[in-house]
Amino acid sequence: MLLQKPRHKLSRLRLAMLASFGFLAVTPTMAATPTELLTNAPMSAKSDWHYRLDSSTRLWLAYYDNKRLLRLRAPDGNERLIVPAGRAQAPSGLAMAQADDNVALLWRDKLPVKGLYLMTAVQKIDQAVELSGDTQPLASFAAVGSPGQVHAIWMGEKAIPNRKSPYYFYYRGIDLDTDLPSPVVQPVVPGLYPAMAHRDNGDLMVFGWDADVSPQRIVARYRAGDANAFADSVAVASLDGASSITPLFRGFRSGDRWFVLWHALYGRSQASMRIEGAYSEDNGQTWNRFEFRDLRGFDIGSLSVATDHRQHITLAMSGILLTDSGSGRHTMHVMRSSDNGTTWKPTPPLRPDAKLSRFAAKHPAVTFGSKPGELLVVWEDWREIRSRLYASLSLDAGETWTYDNVPLPHLPKVNLGLRFDSQAVFAQGDQFNLIAEQAMDDSLQSKQLVRVRFSKSDLKDLSHADGDVTGVANTESTAEAQEVATVDAADGATKIQSETSGSDGEEQNPAAASVSAADSTPAPTANVQTEAQTQTTDAKTALEESMSEQALRKRIDAFWNALVAAEHDVAYTFYDPFYRAHNSWLLYRSNVGRIKYDGYQIQDIRIDGPVAKVKLTTSAIVPPFRAPSTGEMISIPQRDVPLTDTWLWIDDNWYREYYSESQNLKYTRYQ
C-alpha cells in the first residue's frame, strides 16, 4: 500500500456526502509532498521510539521492532540493529540526545545484569558505555546534549540509607571528545519520572518528586555548565493535600526561565486532579508557582510543549474529564503565554464545531515555526471513523487560527495517529515535519512510522481542498478568496457529476478550463461564482438523496437478505473493517448460523454525518440443537426482535458496526 501512487484528486463524492451533514473537512489523499516511510521493520502498537535532530538538523530515529530489537535509522534512511554480539539481551526504555554532528542513544539492558548503555550513532555497539554502576537502573531515564557533551539521568532502585523509597535519580555525563563518562555517578533527586532541562552551554536543571516527606514536594537541583557538581536541592513547591503525582512530569526552559510542570492527585477523589507548574529566573534559587484552574478534574494523558525562547510558550494537552470518565472520550486543550509563563490563557478551540465532540481527538503536538508568530498544532482525529491527522496554524502565536482544522494528507484506507508522549512535530526552515504512527492494518495491533512534510502554503491549499473557505481566517484578499471558491466549487461540481454518472475515464480539469476561459474572455465573476455554487448545491442535494439514505437502505437490505438466505460469507463483508481485521471469515463462520432469520422490517433511519442509526425488527428462530458443553437441547421459538444497528460511512461506503451487547465489545475507536 505504501508504494501505491496517491490519487491526485479528492473524492468529490465523499466530499459532498459528508458536506451534506456538516462535515466539510475531508482529508485529501494527495500529500503536500509524498509521505515518507521511516521504518523498515514492523513495530507493535506500543513499541517505543524516539527521534533527534543533530547539529545539522538531520533526522535520526531509533525504535523497537515487533521482536523487541532496537534499531537506529540514519538520515540517509539506512538502518542498523543495536544488538550485542555473543550474549543474550533484554533491552527496554529508550532516549536520544543531540551529540554534536550526530546523536547519542541510551537504553537499559537487564542481561547479564542491569545496566544503562550509551553510544553515539557513529560507534559500534561494543563501544557503548555502561553508565549506571551499582545503582540498579530501571527503564526511566532521559538525556540531553550540549556542545561536546551528553548528559544522562536515570532512576535507580539501589537502597538508600534513611529513605523509605529506593527510587532515586542519578547523573552522569559523557565527554564526546574522549567518549569517556564522568568519573563519578552523582545522586541528584528522588522521584519516579525523569524531568530535565538544559542550556546550550551545558547548564542543567533536574527536577524530582519527594514522596518520603510530609507534605510531599517538588524539588530541583541546578548544575552550571562549567561545574563538576550540582548545587543543593531546592524545594520548588509543597504539595499540601496531594497523595501522588502522575507520569505527566516535565521540565523545560524558555529563554532565561526554567519551568517544571506536574499533574497531582489531591485527596481521595480523582476528580481533584490538578495540573500545576512553577518557573525560576534565578537558576532555581526561588520559584513562582501557578495552576491551570480550568483544567481541574482532568486526567491529562498527553502533553506537548513549545517555546520560541522569547516570550511565547504553548502547551497542548488532551485528557478525560473524570466526572465523565464513563465515556472515556478525550478533549483537547491548548494553553498559551505571551509573557514567558507569567500568565496563561487558552487558545481558540481546536474543534469549535459542536458536532465533532462525539468523535475522539487526542495527543495534540505543537511547535513554533521559523517565522515569528507561526504556531502549529497537529492532532489525531477520528471524525472520519478512521484516525486521521488534522492541523491548525496560527500566525499570531495562538491568538487566532489562520488555517483551522485542516486535514493532512494520507493514503487511502489507512489509520494515522500520534504518540502520546512525543514531540511529534518540528520545523525545519519553512517546512513543518510530522512523525506519525501508521497502523499496518485495521486491527491496529502493529504500526510503522511515517513522516509528513508540509509548508504554510501547503496548509493554505489543503484548507481549500474541499471547496469551502469559511474555516479560514480572513487573512487573504476578498478577490483571492472568491477566485479560490469559484475554482474549487466548479471543480467539485463537475467531478461529482462525473463520479455519479459512473465514468471511469480520465478525470477532467474543469477548474483549469474555467481559469483559462476567464483569462481570455472577461466574465462577471459574481455570476460565475453563483453558477458554480448553484451547481455544487444541486449536486450535494442530489447526493444527499441518492447516496445517503437510499444508498444505506440498499446496503441494509443486502445485509439482511444475506442473513435470511444464510449467505454468511456475504453478510461478513458488510461488517466494519476493524471487526474483520480482528475476526477472520473462518472465525466469524464458526460463531454464526444458530439463529435462522426469515424476515426483517426497517422502521427508521437517521443519518448524522458518517454515523447512522437504524431501527428495525427481525423475525428469527433458533432451531433445536445440543449444547456442546452440557448436552442440553436448546431451542427458541420464532419471535420478532427489535434492533438498533449502527452503520458507518467508511472508505466511501456504508458498513455495519459490529457490537456485542453481552460483552460490551466493538472494535471501532471513533468515540
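The values are calculated or read from the model by the stated rules, or taken from the named source; none is laboratory data. Model, not experiment: these values are computed from the prediction. So basically every Cβ, Gly included, is an ideal-geometry build from the backbone, and we count neighbours across all protein chains shown. The protein model used for the area step is the full one, side chains on, heavy atoms only, and it has no ligands, DNA or RNA in it. Shrake-Rupley method; radii C 1.70, N 1.55, O 1.52, S 1.80 Å.
Of note:
- Among the residues of region 122-174, those identified as among the hydroxyl-bearing types (Ser, Thr, Tyr) and farther than 13 Å from residue 187 by Cα are 140, 146, 165.
- Filter result for the condition that a residue is open to solvent by less than 40 Å² (accessible area, probe 1.4 Å), more than 32 Å from the chain's Cα centre (by Cα) and of a type outside the set (D, E, K, R), over 284, 251: 284
- Candidates are the residues of region 349-374 that are exposed (fewer than 14 other Cβ atoms within 10 Å of the Cβ) and in a loop (DSSP other than H, G, I, E, B); the one that is modelled with the lowest pLDDT is 352.
- Here residue 71 meets each of (1) touching a Pro at 6+ places or on another chain (Cβ under 9 Å); (2) open to solvent by 30 Å² or more (accessible area, probe 1.4 Å); (3) without any contact (Cβ under 8 Å) to a residue 40 or more places away in the chain with one exception, condition (1).
- Scan of region 594-605 for residues that are within 27 Å of residue 649 (Cβ to Cβ) and either touching a helix residue (DSSP H, G or I) at 6+ places or on another chain (Cβ under 9 Å) or open to solvent by less than 90 Å² (accessible area, probe 1.4 Å) (or both), ordered by number: 597, 599, 600, 602, 604, 605
- Residues that are β-branched (Val, Ile, Thr) and not in a strand (DSSP E or B) within region 305-348 comprise 323, 342, 343, 347, listed in sequence order.
- Odd one out for residue 243, checked against (1) at pLDDT below 95; (2) open to solvent by less than 10 Å² (accessible area, probe 1.4 Å): (2)
- Among (1) over 18 Å from residue 636 (Cα atoms); (2) surrounded by 14 or more Cβ atoms within 10 Å (Cβ to Cβ); (3) touching a strand residue (DSSP E or B) at 6+ places or on another chain (Cβ under 6 Å); (4) not hydroxyl-bearing (Ser, Thr, Tyr), the one test that residue 564 misses: (1)
- Qualifying residue in region 95-117 (condition: among the charged types (D, E, K, R), part of a strand (DSSP E or B), over 26 Å from residue 370 (Cβ atoms) and open to solvent by less than 20 Å² (accessible area, probe 1.4 Å)): yes
- In region 178-194, the qualifying residues are those that are under 16 Å from residue 118 (Cβ atoms) and either small (Gly, Ala, Ser) or in contact with a helix residue (DSSP H, G or I) (Cβ under 8 Å, 6 or more places away or on another chain) (or both), and the one that is surrounded by the fewest Cβ atoms within 10 Å (Cβ to Cβ) is 179.
- Complete set of residues in region 424-445 that are surrounded by fewer than 18 Cβ atoms within 10 Å (Cβ to Cβ) and closer than 24 Å to residue 41 by Cβ: 441, 443, 445
- Breaking point among (1) of a type outside the set (Phe, Trp, Tyr); (2) outside any strand (DSSP E or B); (3) at pLDDT 90 or above, for residue 662: (3)
- Cross-chain or 6+ apart pairs with Cβ under 6 Å, region 567-588 first and within 23 Å of residue 670 (Cβ to Cβ) and in contact (Cβ under 8 Å) with a residue 12 or more places away in the chain, then of a type outside the set (Ser, Thr, Tyr) and assigned to a loop (DSSP other than H, G, I, E, B): 576/657; 577/442; 578/442; 581/441; 581/442
- Selection over region 212-231 of residues that are under 17 Å from residue 163 (Cβ atoms) and open to solvent by 60 Å² or more (accessible area, probe 1.4 Å) gives a count of 2.
- Boolean, residue 335 is closer than 26 Å to residue 415 by Cα, surrounded by 14 or more Cβ atoms within 10 Å (Cβ to Cβ) and in contact with a strand residue (DSSP E or B) (Cβ under 7 Å, 6 or more places away or on another chain): no
- Scanning region 265-284 for residues that are modelled with pLDDT of 95 or more and in contact with a Ser or Thr (Cβ under 7 Å, 6 or more places away or on another chain) yields one hit, 280.
- Filter result (outside any strand (DSSP E or B), open to solvent by 10 Å² or more (accessible area, probe 1.4 Å) and at pLDDT 95 or above) within region 375-414: 395, 396, 399, 400, 401
- Enumeration of residues in region 43-52 that are surrounded by fewer than 16 Cβ atoms within 10 Å (Cβ to Cβ) and either in contact with a Cys (Cβ under 9 Å, 6 or more places away or on another chain) or hydrophobic (A, V, I, L, M, F, W, C) (or both): 45
- Yes/no for residue 304 being open to solvent by less than 10 Å² (accessible area, probe 1.4 Å) and under 27 Å from residue 382 (Cα atoms): yes
- Scoring residue 385 on the criteria (1) in contact (Cβ under 8 Å) with a residue 60 or more places away in the chain; (2) more than 27 Å from residue 37 (Cβ to Cβ); (3) among the aliphatic types (A, V, I, L, M) leaves a single failure, condition (2).
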